[in-house]
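A quick write-up on the structure given underneath.
The values are calculated or read from the model by the stated rules, or taken from the named source; none is laboratory data. Quantities reported herein were computed from a predicted structural model and do not represent experimental measurements. In this analysis, Cβ positions are derived from the backbone assuming ideal geometry, glycine residues included, and neighbour counts consider all displayed protein chains. All accessible areas refer to the heavy atoms of the entire protein, side chains included, with ligands and DNA or RNA removed. Shrake-Rupley method; radii C 1.70, N 1.55, O 1.52, S 1.80 Å.
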Amino acid sequence: MDFTFTEEQRAAAEAAGAVFSDVTPDRTPSPALTPGAVAEDIDRQLWRELARTDLLGLTLSPDHGGAGLDPIALCLVLRESAKALARVPLLETCAVAMAIERYGERGLAAELLPRAGRGELVLTVGANGRSGHDPAELAVSARPYGEADGETDMKTSGPSGGSGWVLDGVQSAVPWAQVADWIAVPAHTAEGRSVLALVPRTRDGVALADQVSTSGERLAEVRLDAVRVEARELIETAGCWDWLRSLLTTGTCALALGLGERVLAMTAEYTGKREQFGFPVATFQAVAVQAADRYIDLRAMEATLWQAAWRISTDAGGPLPAAGDVAVAKIWASDGVRRVVQTAQHLHGGFGADTDYPLHRYHAWAKQIELSLGPAAAHEETLGDLLAAHPLG
């Protein structure tokens, strides 16, 4: 496989590396020492810098003020962000913006996307359902106004006139919902179709309850009680939610890769300096073999990530749907990032648990990423179902 990046993709990665090089993981209190969230807001300073360098509009078309790049470029930027544990909803905002541009109503896209690219809007998405185990779209129902109100006229006025929909249900563990301007909410209709609703956080009927991630970041349980959305705020196009979820999962794999690469680099630096019996411990065979195994994990994570990102970016065909490549990437990312941080902790000895040293922060983020959008076992089940439905050979 040739995963050579284009000049534009490499430029995006370089720009991201420059921006995130100024970010240190200890900008906020340690999650190990904080009973609640480590901060009430995202890293606004970093968010403004991402907007200034046009990284928030990276994947938007030039019509909306963006650079017109693809999900591969986004994954390259996310990879760099994870190395610095960047506390910004970069994945969620960019992924939702791409879904709006690809599937949404043109007027709404023209209204929201330029502002998102300039950093004036924060977008997020509820992708975990009620419990994190069942499909997210089953946690919320979407009904036409008239049907929801027991009326025969299906054109009852919405928030600003015209026909629309009513949403009821709960999405848990929604990243940064408290500071987001719009929340993308997957839902299902009475016919069993999956749809994607775009809901302003301040819309009547939206209630938020604080939750905290393993990494100490703010999450929210988003409860929707007869929330009305306009017809243009609900995307009915078949495949929209599946595409967005695949993009979110692939982006999560990019975060796992970047974090794992940084942790392995920290481990190499530490074991190269730490001495026992007059020699650096990195020269001991047992240490070198463990580090080599983790390097192999990272290379497998990288290969499967770019395969999945390429399928999503190009809509290329294959023996399995793109969801199969996404599942393989997430299996490697979940298991791989866990093994990388566990080995790092082992090779650092007790120093890895020192809250004055950043490794414990990376460990917490790795656990959050491992389980985000489904652990390896969930994606192994998905892959098995796809293989059963699409026999190879």
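Just checking, does the stretch 61-78 include any residue being of a type outside the set (S, T, N, Q) and modelled with pLDDT under 95? No, because not a single residue in the stretch 61-78 is of a type outside the set (S, T, N, Q) and modelled with pLDDT under 95. Inside the stretch 56-71, residues that are closer than 16 Å to S313 by Cα and touching a Ser or Thr at 6+ places or on another chain (Cβ under 8 Å) make up a count of 5. Regarding the stretch 214-226, can at least one residue be identified that is touching a residue at least 12 places away in the same chain (Cβ under 8 Å), open to solvent by less than 30 Å² (accessible area, probe 1.4 Å) and farther than 22 Å from A39 by Cβ? Yes: the stretch 214-226 contains one or more residues that are touching a residue at least 12 places away in the same chain (Cβ under 8 Å), open to solvent by less than 30 Å² (accessible area, probe 1.4 Å) and farther than 22 Å from A39 by Cβ. Residues in the stretch 260-281 that are part of a helix (DSSP H, G or I), of a type outside the set (G, A, S), without any contact (Cβ under 8 Å) to a residue 24 or more places away in the chain and farther than 20 Å from R299 by Cβ: K273 only. Screening S61 on (1) without any contact (Cβ under 8 Å) to a residue 60 or more places away in the chain; (2) open to solvent by less than 10 Å² (accessible area, probe 1.4 Å); (3) polar (S, T, N, Q) shows it passes everything except condition (2).
Listed by first and then second residue, the pairs with beta-carbon distance under 7 Å, at least 6 apart or on different chains, first residue in the stretch 292-307 and surrounded by fewer than 15 Cβ atoms within 10 Å (Cβ to Cβ), second of a type in the set (S, T, Y), form an empty list. Considered as a group, the residues in the stretch 23-38 that are over 11 Å from G216 (Cβ atoms), over 20 Å from the mean Cα position of the chain (by Cα) and not acidic (D, E) include one that is most open to solvent (accessible area, probe 1.4 Å), and that residue is R27. In summary, D41 fulfils each of the numbered conditions (1) in a loop (DSSP other than H, G, I, E, B); (2) without any contact (Cβ under 8 Å) to a residue 60 or more places away in the chain; (3) open to solvent by 40 Å² or more (accessible area, probe 1.4 Å); (4) closer than 21 Å to A184 by Cα with the single exception of condition (2). Would it be correct to say that T283 is crowded, with 24+ Cβ neighbours inside 10 Å, hydroxyl-bearing (S, T, Y) and over 20 Å from G129 (Cβ atoms)? No, not satisfied.
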